[in-house]
Amino acid sequence: GDLSSITLRYWTTTEETDVRLSAQGQSSQGILHNYTIWNSFGRSFLVSVIVSLFAGSFGILIGYAVSKNRRSKLANYVSNCAFLPYLIPALSFSAVFFSLSFQPGFMWMNASASGGSETAAMLACIVCGSIKFLPFASRSGTNSMLQVSGEIEEAALMTGCPWWKRMLKIMFPKQKSSFISCYL
């Protein structure tokens, strides 16, 4: 082999390397200078942050509800329903949302029906990703909530502390590492 062809040219160059891409208005500079790649990276990062916030928050709420009513049939049902997306393969899951996007109430998810909107594609990715990662977040949220003793929350409840303040001032500081793993 010729080792002289191994180079960082296509990573670091600021000159246009492909005339066809430049004619279409896209950048064909090196990867580190290509605004199209950086724009895509930024949008992917934004989608991943939003998905983690949605899945993590709903996972914590599911975990809280399941841990407070551990022995009830409804808590077991909610916990089992949160694991339903885990049983569905990702390709089938995407196909379901794609077919759903052609129904009248869900046309906002269809990028072609909404004029090729990038926002519609991003929203579809956020919805699919949030539901797909919900089982992991709900299991982490449930395990973190089961570690906290009920007496701590009962004492706060007796003093008249509202639910949101109990979560922010008592639960989150005690279980912040578990909550961060829930968001991850």
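The values are calculated or read from the model by the stated rules, or taken from the named source; none is laboratory data. Source: prediction; values computed, not measured. Glycine also receives a Cβ, built like all others from the backbone with ideal geometry; neighbour counts cover every protein chain displayed. These area figures cover heavy atoms from the full protein model, side chains too; ligands, DNA and RNA do not enter into them. Shrake-Rupley method; radii C 1.70, N 1.55, O 1.52, S 1.80 Å.
Computed over the stretch 47-90, the alpha-carbon pair-distance distribution with 10 angstrom bins reads 26, 46, 25, 3, each value a whole percent. Express the carbon and sulfur contribution to the solvent-accessible surface of the chain as a percent, rounded to the nearest whole number, probe 1.4 angstrom. Percent of accessible area from carbon and sulfur atoms in the chain: 67. Taking a sphere under 13 Å around the Cβ of I126 and counting the other residues whose Cβ falls inside, with K and R at +1 and D and E at -1, yields a net charge of +1. Shown in residue order for the stretch 122-134 are the 3J(HN,Hα) couplings computed by the Karplus curve 6.51 cos²θ - 1.76 cosθ + 1.60 at θ = phi - 60°: 5, 5, 5, 5, 5, 5, 5, x, 4, 6, 5, 9, 4 Hz (x for Gly and Pro).
Counting only protein chain heavy atoms and rolling a 1.4 Å probe, the accessible areas of V127, V96 rank, largest first, as V96, V127.
Report, to two decimal places, the Cα Rg of the stretch 72-184 normalised by 2.2 N^0.38 Å (N = number of residues). Mind dumping the intermediate values first?
On the way: Rg = 18.8 Å, N = 113, 2.2 N^0.38 = 13.3 Å.
The stretch 72-184 yields a ratio of 1.42.
Just need the relative contact order of the stretch 15-85 here, percent rounded to a whole number, with Cα pairs under 8 Å and 6+ apart. 14 percent.
Can you give the accessible area per residue of the stretch 133-182, in Å², using a 1.4 Å probe? Intermediate values should be presented prior to the final figure.
Details: 3020 Å² over 50 residues.
Spelled out: the 1.4 Å probe surface of the stretch 133-182, per residue, equals 60 Å².
Note: relative contact order over the chain, using C-alpha pairs below 8 Å and six or more positions apart, is 25 percent. Rolling a 1.4 Å probe over the protein heavy atoms gives the stretch 1-103 an accessible area of 73 Å² per residue. With the chain treated as a Gaussian network of Cα nodes joined by springs under 10 Å, which of C161, C128, C81 yields the largest mean-square fluctuation? In the Gaussian network model the winner is C161. Per the Cα gyration tensor, the stretch 1-110 maps to an equivalent ellipsoid with semi-axes of 46, 19, 14 Å, ordered largest to smallest. With distances taken between every two different alpha-carbon atoms, the stretch 20-64 has a Kirkwood hydrodynamic radius of 12.8 Å.
Each Lys and Arg Cβ is given +1 and each Asp and Glu Cβ -1; about its Cα centre, the stretch 88-184 then shows a dipole of about 200 debye.
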